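> Structure below; questions to follow.
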Amino acid sequence: MKVVVIGGGWAGCAAAIQAKKCGADVVLIERTDMLLGLGNVGGIMRNNGRFTAAEELIELGADDLFRIIDKCTRHRNVEFPGHKHAYLYDVTIIEANVRRFLLDMGIKILFETRAVDVDVDNNHINAIYLHNGDKVEGDVYIETTGSTGPMGNCIRYGKGCSMCILRCPAYGPRISISQRAGIEDILGMRDDGVFGAMSGSCKLDKSSLSEDIRNELDSKGVYIIDVPKEDINTEKLKMKVCQQYALKEFAEKIILLDTGHAKLMTSYYPLEKLRKIKGFENARFIDPYAGGKANSIRYLSMAPRDDTMKVIGLDNLFVGGEKSGLFVGHTEAIVTGTLAGYNAVRHVIGLKCIELPSSLAVGDIIKFENESKKKKDGLRKRYTFAGAEYFERMKSLNLYTVDVDEIKRRVRKLLLNDMFKEKLI
Ligand SMILES: Cc1cc2nc3c(=O)[nH]c(=O)nc-3n(C[C@H](O)[C@H](O)[C@H](O)COP(=O)(O)OP(=O)(O)OC[C@H]3O[C@@H](n4cnc5c(N)ncnc54)[C@H](O)[C@@H]3O)c2cc1C
């Protein structure tokens with residue numbers, strides 16, 4: 001059986017690994033020269049409810065990516081405003097480690113290859129067309145192309161191309177495969193009704209910062225300093241993707257996290273203003289390169305799905321990550337991607353696709369996002385274990401815990417431990 005995964009971000013990698021573990025042949029198509037997409041500029045794991053979700057998934061048997069991430073982690077149990085027990089992985093080494101793992105598993109990866117169209121018949125996808133005219137055929141397809149870009153969206157709904165890690169000018173635009181197959185995309189919004197949302201953090205070159213800042217980042221993982229009063233801009237918070245970081249502290253303070261580079265927790269910051277601050281006199285952006293002016297625009301391309309991650313209206317397309325909803329985060333992408341990979345294989349061999357139970361955070365968020373986005377204002381929200389509305393829900397339902405034994409007990413009680421290790425073919 002052949003599973004074709006389109007898009008090699010965290011969701012696509014998780015889907016590919018899971019389908020391979022189930023026994024399928026897997027081809028992963030990625031338009032750039034690197035896996036992990038936005039994961040190359042993120043790094044924050046296990047903050048707030050993400051801890052619970054990561055441990056649930058590990059107990060469910062989808063532990064592979066977490067083991068690699070933990071190996072590439074620079075700091076553990078970092079605290080910053082509104083966030084507890086964050087782990088920070090090193091974005092400068094994570095991709096190579098994940099890539100080696102996928103290749104060693106025997107997953108075929110087509111780099112610098114862009115899916116551009118589909119051959120679809122009676123709601124059944126027969127093949128994916130590539131940018132060079134080649135065709136890739138499979139039994140089932142998983143779309144994990146994310147929701148960022150293409151440049152037209154960043155121009156229309158943002159402040160232009162900010163030259164982010166996805167490098168659209170070099171590798172070509174993201175394409176919505178589900179839309180090509182005839183299923184209308186769902187679009188997220190901001191509070192003011194404008195479509196899309198702006199990515200919420202930038203990367204500074206650590207070596208452009210003062211020695212004091214570098215030392216503090218290296219030893220503690222975090223550095224916080226006040227924004228000069230005249231430069232506080234709370235308006236920026238409303239544009240932000242990451243509602244878990246849309247707290248006033250993130251406008252009033254410069255919050256830096258050490259992810260190999262210095263992760264600046266704001267959407268953009270004019271360079272002249274940044275360089276006024278002590279220790280930032282030589283600061284330089286490295287992602288996005290135009291971080292003094294703007295950031296990438298996201299959440300403009302979601303496919304309608306059920307809670308098994310199958311696209312509604314198509315017989316053999318599954319989705320994960322930002323493509324599957326208003327989910328923010330690596331953990332969220334790994335959760336949804338894993339389930340998509342698992343169910344894609346079940347679907348082809350005629351087994352009923354499964355939903356994860358709502359008594360686990362990983363199951364509850366999938367259902368909650370699906371229900372919520374149908375409600376008034378649901379498309380203006382974002383769903384993450386790390387904060388905002390969904391983390392509040394986790395706490396109110398007693399889903400949030402950092403007690404690993406308790407998490408194991410919950411999964412075992414459902415008889416679901418190691419379910420993702422099961423070979424289906
Ligand atoms: C600046 C920034 C910082 C962030 N920081 C964090 C953080 O610290 N912690 C956290 O948990 N989350 C963070 N996030 C959010 C998180 O990175 C994303 O929500 C998550 O990684 C999305 O994963 P994905 O696989 O759904 O999509 P993406 O990462 O967008 O991956 C999609 C992939 O599909 C490829 N693709 C697209 N179209 C095609 C096509 N037609 N053919 C082939 N390939 C295609 C793309 O090249 C890309 O590699 C951050 C996001 C940004 C932008």
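> Provide a single number: the residues in the range 262-288 that are farther than 22 Å from Y89 by Cβ, in a loop (DSSP other than H, G, I, E, B) and of a type outside the set (K, R).
Qualifying residue count, the range 262-288: 9.
> Looking for whichever is over 19 Å from N40 (Cα atoms), surrounded by 20 or more Cβ atoms within 10 Å (Cβ to Cβ) and at pLDDT 95 or above here; the options are I177, I165. Which one fits?
Working: I165 fails: over 19 Å from N40 (Cα atoms).
Selected residue: I177, the only one of I177, I165 that is over 19 Å from N40 (Cα atoms), surrounded by 20 or more Cβ atoms within 10 Å (Cβ to Cβ) and at pLDDT 95 or above.
> Would you pick out the residues in the range 19-69 that are assigned to a helix (DSSP H, G or I), more than 7 Å from the ligand (Cβ to nearest atom) and closer than 17 Å to V319 by Cα?
A19, K20 - these are the residues of the range 19-69 that are assigned to a helix (DSSP H, G or I), more than 7 Å from the ligand (Cβ to nearest atom) and closer than 17 Å to V319 by Cα.
> Hey, M189 hits all of (1) farther than 22 Å from D287 by Cα; (2) crowded, with 23+ Cβ neighbours inside 10 Å; (3) of a type in the set (A, V, I, L, M, F, W, C) but one; which does it fall short on?
Single failed check for M189: (2).
> Turning to a different aspect of this structure: What's the number of the only condition in (1) assigned to a helix (DSSP H, G or I); (2) in contact with a helix residue (DSSP H, G or I) (Cβ under 6 Å, 6 or more places away or on another chain) that D104 fails to meet?
(2)
> Cβ-Cβ under 9 Å, sequence separation 6+ or interchain: first residue in the range 363-376 and under 13 Å from Y390 (Cβ atoms), partner of a type in the set (A, V, I, L, M, F, W, C) and surrounded by fewer than 17 Cβ atoms within 10 Å (Cβ to Cβ). Which pairs?
D364/L397
> May I pose another question? Before we move on, is G200 within 15 Å of the ligand (Cβ to nearest atom), more than 30 Å from I142 (Cα to Cα), small (G, A, S) and in contact with a strand residue (DSSP E or B) (Cβ under 8 Å, 6 or more places away or on another chain)?
Numbers: within 15 Å of the ligand (Cβ to nearest atom): yes; more than 30 Å from I142 (Cα to Cα): no; small (G, A, S): yes; in contact with a strand residue (DSSP E or B) (Cβ under 8 Å, 6 or more places away or on another chain): yes.
Answer is no for this residue.
> If the Cβ limit is 9 Å and pairs must be 6+ apart or interchain, which residue in the range 42-69 that is closer than 25 Å to N295 by Cα pairs with which residue that is acidic (D, E) and in a helix (DSSP H, G or I)?
Between residues of the range 42-69 that are closer than 25 Å to N295 by Cα and residues that are acidic (D, E) and in a helix (DSSP H, G or I), the close pairs are M45/D70; R46/E55; R50/E332.
> Please enumerate the residues belonging to the range 76-101 that are on the phi > 0 side of the Ramachandran plot and out of contact with any helix residue (DSSP H, G or I) (no Cβ under 9 Å at 6 or more places or on another chain).
Residues of the range 76-101 that are on the phi > 0 side of the Ramachandran plot, as a first pass: 77, 82, 85.
Hit for the range 76-101 is N77, nothing else.
> Among the residues of the range 81-93, is any in a strand (DSSP E or B) and free of Cβ contacts under 8 Å to residues at least 12 places away in the same chain?
Keep residues of the range 81-93 that are in a strand (DSSP E or B), which gives 83-89.
Now restrict to residues that are free of Cβ contacts under 8 Å to residues at least 12 places away in the same chain: none.
Taking every residue of the range 81-93 in turn, none turns out to be in a strand (DSSP E or B) and free of Cβ contacts under 8 Å to residues at least 12 places away in the same chain.
> Can you spot a residue in the range 321-344 that is more than 16 Å from the ligand (Cβ to nearest atom) and among the charged types (D, E, K, R)? Spell out how you get there, then give the answer.
Keep residues of the range 321-344 that are more than 16 Å from the ligand (Cβ to nearest atom), which gives 342-343.
Now drop any that are not among the charged types (D, E, K, R), which leaves none.
No, the range 321-344 contains no residue that is more than 16 Å from the ligand (Cβ to nearest atom) and among the charged types (D, E, K, R).
> Would you please name the residue that is surrounded by the most Cβ atoms within 10 Å (Cβ to Cβ), looking only at residues in the range 1-18 that are within 10 Å of the ligand (Cβ to nearest atom) and assigned to a strand (DSSP E or B)?
Taking the range 1-18 and keeping what is within 10 Å of the ligand (Cβ to nearest atom), we get 5-15.
Those left that are additionally assigned to a strand (DSSP E or B): 5-6, 9.
Values: V5: 35, I6: 30, G9: 28.
Restricting to residues being within 10 Å of the ligand (Cβ to nearest atom) and assigned to a strand (DSSP E or B), the top hit is V5.
The values are calculated or read from the model by the stated rules, or taken from the named source; none is laboratory data. Note that this is a predicted model, so its numbers are computed, not measured. Cβ: placed from backbone, ideal geometry, glycine included. Neighbour counts: every protein chain shown.
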